[in-house]
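What follows draws every value from the coordinates through simple rules; no lab data is involved. All values reported here derive from a predicted model rather than from experimental measurement. All Cβ positions, glycine included, derive from the backbone under ideal geometry; neighbour counts span all protein chains shown.
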Amino acid sequence: MSDTCYQCRKPTSTPVPIGIVAQDAGTGGTVHACRSCVSRHHIVPMADWKHPGDGRPQYYSRTVPERR
Ligand SMILES: [Zn+2]
């Protein structure tokens, strides 16, 4: 089984569920990211979600100080 990474748009054999997109135009459903993108972009895996929100992918970036 393989899925397309939400971030890099490449097929991945180790998809991590990261969110849910609107069911429209036949592209809806669960979106996945590859493991390298999850760590590189600080994506929160759905399993670790504290709140579902609107279902879009969540990031840890808010807890990481940004460089200015
Ligand atoms: Zn990726």
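Things worth noting here:
- Taking other residues whose beta carbon is less than 15 angstrom from the beta carbon of residue 14, and scoring Lys, Arg as +1 and Asp, Glu as -1, yields +2.
- Exposure proxy order (Cβ contacts within 10 Å, fewest to most) of 4, 12: 4, 12
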